[in-house]
Structures are given as structure tokens and as C-alpha cells.
Amino acid sequence: MSASGSSHVQAARQILADRLREMCKDSGLDGKQLAALCGWHPSKVSRISTAKTSPSADDLRAWCRACGRDDQTADLIASLRAVEGLWVEWRRMEHAGLRRAQQAVLPLFERTYWFRAYSSWLVPGLLQTHGYTEDVLRAVQRRRVPVDDVADAVAIRMERQRVLREGQRRFAFLLEEPVLSNGLGDADTQVEQLERLIAVSALPNVSVGIVPTRLGRTRMPVEGFWIFDTAQVNVELVSGHLTLTQPSEVAMYADTFATLADIAVYGPKARRLITAAIDAIG
């Protein structure tokens, strides 16, 4: 797990552990007494209460029962499930192929009405052409996925782009300027993709900003992320996928997006950068 993914998950585990420790204290039990009531070795209570070990759902049921707080069981199990869903390694998400991973996010896209996406290395999926998507997913498949279902995964991602034109949705995309010339695919694929960026930027509900490469920047590039309404942030890291739902963390990414948006260029200036990238391909 990356340092970023690990730190977020560990913080969430600590919050859960603190709740359990307070419950034990409020019930008038010490660790040894709780362990005896649960039929555990005392060291297990210590590991769970210090977040060194993540409890199972059955552990939480036993803990609540021993403390006389069965009313807290459902809420604690929900918290546990949230912690478990924070971080997913790519190998776990994609072990059965790429199609399922693409399909899994469709409900999230369908219920979201305000999309904000920042990318420092690839064109975001909702803006990708068929050829560009195929090259992206083929590279992923060759690197880490034993199952070859790239064609199905591409079809699902293309179908998902319907959200751009359905409902009253708003989209704001920020791309670092090097994304325009990252060399992915052949020349025809890259030109087609850049031309699509220009076309999509003309949609009334879509904003495409390019963060220029220049001296004196006040904000360094960061990992790519998506903000869905004000409810969730998805961060794609080298080793896995991080989901953040804590309001304070969502707000931090929203602030980062706003800062990057302030130094981006839009409209004719953005199109000039995209056109220059097309011309440079030759």
C-alpha cells in the first residue's frame, strides 16, 4: 500500500479503535475483563483497541455484547465496512479483468451531478476517445491483469460517457499541459484525442482547463483525482484506488482543485495549447 493510501486507512482504523476503547471504558471493564467475556486472549483486545489489528464483524458483535451495547453493533460494522472500502489494491480490484472494474463505478457516475476531475498524466476517462481508451486499458492489462477483456472494458467506458449529455450534470476537468503530449498511442490516436478535447470543451455544461507548464507556479502537480458532488473523492495511485468520504478530506481536495483551477487557462487560450500540441505531432 502506498504511503498516502496507508495513512488514510490507518487514520480511519484509529477512529474505530478509539470508539471501541471508549465503549469498554464506559462499561466499566478493563481489557482483561473484556477479553474474558469475549473468550479472547487479552492481547487481542490490546491489538484491536490500539488499531494494530482490524476487527472482524464478529469481533465487533462480541465487543458490543460484552459491553452491553448491542445497540452500537450495526453502526460499528458500518464503520468497519467503510474502512475496508477506503483502499483497494489494483490487483484485488482487477483480478477478474478490467470489465468488472469499469462496471463497478457506473452507479456512482449515474448518481453524481457535479463532477470535478484533475489529471496530471492522462486524459480523464469521460473525455477519452475509443482508441485512446483502448491504448490506456491495454497498457494496464499488460502490466498487471492476467485476464484479457479489454474490448469489453472499453465498450463500458464508452457507454459511460453518456452522462456528459444526460440530465442537468456539470463537469469541470483540469489537465496538466504535459497530458497533451504524453506520447500515449500512435500519432493518429493522439491527434484524435486532442481534437475531441476541443470538441467536448464547447459543450455548455463542460469546462476544460489546461494548467500551463511555466515558471513561478504556486501549486505543484498532485495525484489524479475525481470529486463526485461534495460526497466522495476517488484518488488513483500507482498501487491502488483510494476512496475518501470524510467531509474534511473531500474539502481538502476541493480546495486543491480550486487552487489549480485558478492557474489554469480556458476557452481560446486552452484551445491554443491543445492546437499547438496537435501541430507538434506533425
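With the crude spin-label approximation of a point 7 Å out along Cα→Cβ, what separation in nm comes out for ILE281 versus ILE15?
4.4 nm
Based on alpha-carbon centroids, what's the gap between region 201-219 and region 24-49 in Å, whole number please?
54 Å
Where in region 137-156 does the amide nitrogen come within less than 15 Å of the point 7 Å from the Cα of ARG100, taken along Cα to Cβ?
145-150, 153
7 Å from Cα along Cα→Cβ at both ALA151 and ALA254: what's the point-to-point distance in nm?
Placing both labels 7 Å beyond Cα along the Cβ direction yields 4.4 nm.
Explain nothing, just the number: dipole magnitude of the chain about its Cα centre with +1 on each Lys and Arg Cβ and -1 on each Asp and Glu Cβ, in debye rounded to the nearest 20.
Details: 35 positive and 33 negative charges, 89 e Å.
So the dipole magnitude of the chain works out to roughly 420 debye.
In degrees between 0 and 90, to the nearest 10, how far off the longest principal axis of the chain does helix 3-26 point, with axes built from Cα atoms?
Relative to the chain, helix 3-26 is tipped by roughly 30 degrees.
How much length is gained if the chain between LEU108 and ASP262 is pulled fully straight, taking 0.36 nm per residue apart and subtracting their Cα-Cα distance, in nm to one decimal?
Details: separation 154, 0.36 × 154 = 55.44 nm, distance 2.72 nm.
My answer for the length gained is 52.7 nm.
So if the hydrodynamic radius of region 94-281 is defined as the Kirkwood radius over C-alpha pairs, what does Stokes-Einstein give as its diffusion coefficient at 10 °C and 1.306 mPa s, in µm² per second? All intermediate terms of the calculation are to be shown ahead of the outcome.
Details: Rh = 17.1 Å.
Translational diffusion coefficient: 93 µm²/s.
Dividing the alpha-carbon Rg of region 32-182 by 2.2 N^0.38 Å yields what? List each step's numbers first, then the result.
Values: Rg = 22.0 Å, N = 151, 2.2 N^0.38 = 14.8 Å.
Compared with the compact-globule rule of thumb, region 32-182 sits at 1.48.
For ALA78 and ARG144 in one chain, what is 0.36 nm times their gap in residues minus the Cα-Cα distance, to one decimal in nm?
Separation in residues times 0.36 nm, less the Cα-Cα distance, equals 20.6 nm.
For helix 73-86, report the angle its Cα long axis makes with the longest principal axis of the Cα atoms of the chain; keep it between 0 and 90° and round to the nearest 10°.
Helix 73-86 sits at roughly 40 degrees to that axis.
Quick one: compute the contact order of the chain, relative version, from alpha carbon pairs under 8 angstrom and 6+ residues apart, as a percent.
Value for the chain: 20 percent.
Give me GLU192, GLU22 sorted ascending by neighbouring Cβ count inside 10 Å, so fewest comes first. Before the final figure, lay out the partial values.
Numbers: GLU192 16, GLU22 11.
In increasing order of surrounding Cβ atoms, one gets GLU22, GLU192.
May I ask you to compute the full-extension gain from THR53 to ASP70, defined as 0.36 nm times their residue separation minus their alpha-carbon distance, rounded to one decimal in nm?
Here the answer is 4.0 nm.
Quick note: the coordinates plus some simple rules give every number you see, no bench work behind them. Bear in mind that the values here come from a model prediction, so they are computed numbers and not experimental data. All Cβ positions, even for glycine, are placed from backbone atoms using ideal geometry, and neighbour counts span all protein chains on display.
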